[in-house]
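The values are calculated or read from the model by the stated rules, or taken from the named source; none is laboratory data. This one's a predicted model, so the numbers in the text were calculated from it and none came from an experiment. Using ideal geometry, Cβ is built from the backbone for each residue, glycine included, and neighbour counts are taken over all protein chains shown. These area figures cover heavy atoms from the full protein model, side chains too; ligands, DNA and RNA do not enter into them. Shrake-Rupley method; radii C 1.70, N 1.55, O 1.52, S 1.80 Å.
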Amino acid sequence: QVQLVESGGGLVQAGESLRLSCAASGSTRSINAIGWFRQPPGNERELVATISGGDTTDYADSVKGRFTISRTGASVYLQMTGLKPDDTAVYYCNAVGYGDQGVPFSSWGQGTQVTVSS
């Protein structure tokens, strides 16, 4: 129902900034919330930040004060500042919501690599 494409990842030095983008297409009116997740090498996927249809935001404690999630139309962004080597991970965009018949869905993008060197 919803397709997501992440972009903006790359290689940066510690302390620098990076902005990730998540472009949503398809039945975007059915989206209730979008979240950014990340999966460090050798570790499990973890939630980074979420934004709801009412633009309510929430953040993991590890990124509070450094990361900002925002939305413009069908695009969601993650502005990352003060990056640390521990932020190195594949970052994924996830959208959840309900279709016209009330069927819940969860859609994932392919991910974008963020590497922070010391």
Residues that are modelled with pLDDT of 95 or more and of a type in the set (Ser, Thr, Tyr), drawn from the range 1-43: 7, 17, 21, 25
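Run down 99, 111, 35, 53 and say which single residue is open to solvent by less than 30 Å² (accessible area, probe 1.4 Å) and over 18 Å from residue 5 (Cβ atoms).
One residue alone meets the criteria, 99.
Yes or no, residue by residue, for (1) touching a Pro at 6+ places or on another chain (Cβ under 6 Å); (2) open to solvent by 40 Å² or more (accessible area, probe 1.4 Å); (3) over 23 Å from residue 3 (Cβ atoms):
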position	(1), (2), (3)
17	no, yes, yes
21	no, no, no
24	no, no, no
40	no, no, yes
45	no, yes, no
58	no, yes, yes
Restricting to strands (runs of 3 or more DSSP E) lying wholly in the range 33-118: which have 2 or more residues that are in contact with a Lys or Arg (Cβ under 8 Å, 6 or more places away or on another chain)? 46-52, 75-80, 89-98, 112-117
Of the numbered conditions (1) surrounded by 15 or more Cβ atoms within 10 Å (Cβ to Cβ); (2) at pLDDT 95 or above; (3) not β-branched (Val, Ile, Thr), residue 74 fails exactly one; give the number of that condition. (2)
Count - residues of the range 1-13 that are open to solvent by 50 Å² or more (accessible area, probe 1.4 Å) and of a type in the set (A, V, I, L, M, F, W, C): 2
Exactly one of 6, 44 is in contact (Cβ under 8 Å) with a residue 24 or more places away in the chain and of a type in the set (D, E, K, R), and that one is 6
Residue in the range 7-20 that is over 19 Å from residue 115 (Cβ atoms) and outside any loop (DSSP other than H, G, I, E, B) present: no
Being open to solvent by 30 Å² or more (accessible area, probe 1.4 Å) and either in contact with a strand residue (DSSP E or B) (Cβ under 7 Å, 6 or more places away or on another chain) or at pLDDT below 95 (or both) is the filter here; which residues of the range 77-87 pass it? 77, 79, 84, 85
